[in-house]
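Student: Below is one structure. I have some questions about it.
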């Protein structure tokens with residue numbers, strides 16, 4: 001059918017509109033470069049309204065959506081770009097990255113293969129395909145891809161850096177350090193390589209060296225938000241809390257929407273018991289990503305530690321809406337109910353946690369403590385003992401064991417359990433008081449008096465550190481989810497994809513978590 005000329009002409013926007021559309025498109029790109037992703041989307045919308053429609057605008061719209069964490073919407077945008085130009089390799093590559101951020105790795109592989117079919121030498125697609133293969137447990141073909149790239153150009157700093165990333169993904173951290181060192185030898189000004197080196201050294205618990213590497217990254221690029229963030233979390237692990245907070249502030253000054261920095265700011269405040277500030281920081285992080293179960297859990301945990309037990313429960317429930325198999329949140333609901341004296345209803349939550357993870361030492365301890373509080377002392381003691389077999393370094397579990405033994409009249413064993421509590425935590429005021437009580441019952445008044453004196457000294461010391469924290473409470477503490485590290489944003493605009501390791505209970509040093517993901521490339 002031939003379209004009438006008048007109608008055909010009517011569908012073509014005036015030249016002035018196309019010029020204005022191109023101006024909005026370029027303005028959107030500038031917003032993207034400045035990480036002003038919401039503003040970028042508005043500019044792209046205005047460009048489309050002026051009739052400026054081509055595959056690149058859909059690709060770049062996807063970049064902005066990825067930057068806002070809206071990966072499902074980004075997938076639709078990249079798909080629209082490919083519908084308009086099936087040979088647009090950048091859109092195919094970015095589509096793979098968006099799928100990877102959602103953990104849809106098989107779909108990501110299909111997209112990367114599509115990009116490589118269009119452009120077989122597309123290095124970025126090869127790199128990120130190898131990373132996805134590693135995440136799917138296909139380590140051998142993944143490593144073979146990187147080895148071939150490095151052999152082809154041994155002086156290529158980028159190839160060495162990406163090999164370091166892959167080795168980190170495979171938990172081969174010593175080899176990753178070697179790869180990053182090769183990268184920095186080729187290009188001493190490669191901030192991404194220095195950041196990667198810091199990450200690998202951090203994983204090896206070589207924290208001081210990690211800080212030095214992050215400093216080199218920051219010297220190469222003072223606006224490297226990931227390096228500032230990861231340097232801050234490394235300071236946290238070193239116990240240098242004010243320096244950690246200062247580093248997060250630097251990262252947030254560069255990118256106020258950097259979720260991991262808000263997350264780590266909250267985590268650090270949580271670790272030093274500045275709980276109201278922790279709540280505020282977690283809330284900011286949740287504004288960036290409402291689909292992170294660890295954030296919801298940690299916000300609930302901060303409220304729990306403030307004594308707001310009833311208020312904490314909805315946040316643990318939100319964590320479970322995101323991930324119904326998140327055993328920490330199930331257990332934390334049980335803990336909150338225990339704190340409110342509702343021991344019987346707490347049991348089903350501890351049971352659900354143990355159904356998901358039968359060797360979860362903290363849930364075994366918490367359920368045992370609840371059973372002991374219900375007068376089921378033998379059952380409680382059995383579970384607490386199982387917990388201590390899995391983790392003999394938990395002071396609260398030894399305390400709970402002492403309580404159960406005391407209820408059973410086994411005073412000497414209770415005293416011995418308290419000895420272990422105090423070996424692990426000599427400032428545990430309640431344990432000193434309880435030990436004094438048991439010694440009195442055993443007829444040793446002199447030693448009991450010494451225990452009460454120790455408890456008083458602990459109380460005075462705690463008031464000097466935290467004057468407002470004058471009340472201590474027994475029972476299981478809530479449990480945090482994993483702490484945050486930086487996302488992998490070595491090149492251009494990256495997008496976050498979480499890789500978390502399990503955190504130990506609150507009383508222990510936290511394990512790290514780092515988000516990682518492929519680079520998202522804008523079209524121009």
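Student: Just the Cα atoms of the range 277-402: what Rg and Dmax do they give in Å?
Tutor: Values for the range 277-402 (Cα only, Rg and Dmax): 14.7, 47 Å.
Student: Which whole-percent values make up P(r) of the range 186-303 when all C-alpha to C-alpha distances are grouped in 10 Å steps starting at zero?
Tutor: Final binned percentages: 16, 42, 32, 8, 1.
Student: Measure out, as a whole number of angstrom, how far apart the alpha-carbon centroids of the range 230-272 and the range 330-359 sit.
Tutor: 31 Å
Student: Using only the Cα atoms, work out Rg/Rh for the range 336-447, with Rh taken as the Kirkwood radius, to two decimals.
Tutor: Checking Rg against Rh, the ratio lands at 0.99.
Student: Still on this structure: Kindly provide log₁₀ I(q)/I(0) values, in the same order as q = 0.10, 0.15, 0.22 Å⁻¹, from the Debye equation applied to equal alpha-carbon scatterers of the range 74-197.
Tutor: For the requested q values the scattering log ratios are -0.32, -0.69, -1.18.
Student: Right, another one. Could you sort 192-198, 131-137 so that the peptide with the highest average Cβ count within 10 Å comes first and the rest follow in order?
Tutor: Result, highest mean Cβ count within 10 Å first: 192-198, 131-137.
Student: So, one more: Among 66-74, 363-371, what's the highest-first ranking by average C-beta atoms within 10 angstrom per residue?
Tutor: Descending packing order for the listed peptides: 363-371, 66-74.
Student: Please give the peptides 290-297, 23-30 ranked by average Cβ packing (other Cβ atoms within 10 Å per residue), highest first, as a rough proxy for protection.
Tutor: 290-297, 23-30
Student: Let me check I have the definition right: for the range 153-221, take the eigenvalues of the Cα gyration tensor, multiply each by 5, take square roots. What are those semi-axes in whole Å, largest first?
Tutor: 16, 15, 8
Student: For the range 42-98, what does the equivalent ellipsoid look like in terms of its semi-axes, each the square root of 5 times an eigenvalue of the Cα gyration tensor, given largest first in whole Å?
Tutor: 17, 14, 7
Student: Still on this structure, please answer the following. Sort 247, 458 so that the residue with the fewest other Cβ atoms within 10 Å of its own Cβ comes first and the one with the most comes last.
Tutor: Listed from fewest to most nearby Cβ atoms, that is 458, 247.
Student: Now for a different question. Translational diffusion coefficient of the range 392-465 at 25 °C, 0.890 mPa s, Stokes-Einstein with Kirkwood Rh over Cα pairs, in µm²/s as a whole number.
Tutor: Translational diffusion coefficient: 202 µm²/s.
Student: So, in nm, how far is label residue 290 from label residue 223 when the simple model puts each one 7 Å beyond its Cα toward the Cβ?
Tutor: According to this spin-label approximation, the distance is 3.1 nm.
Student: What's the exposure ranking of 435, 87, 80, going from fewest to most Cβ atoms within 10 Å?
Tutor: Least to most surrounded, the residues fall as 87, 80, 435.
Coordinate-derived values only; no laboratory data. Bear in mind the structure is a predicted one, so any value in this text is a computation, not a measurement. No Cβ is skipped: glycine too gets one built from the backbone with ideal geometry, and neighbour counts run over all protein chains shown.
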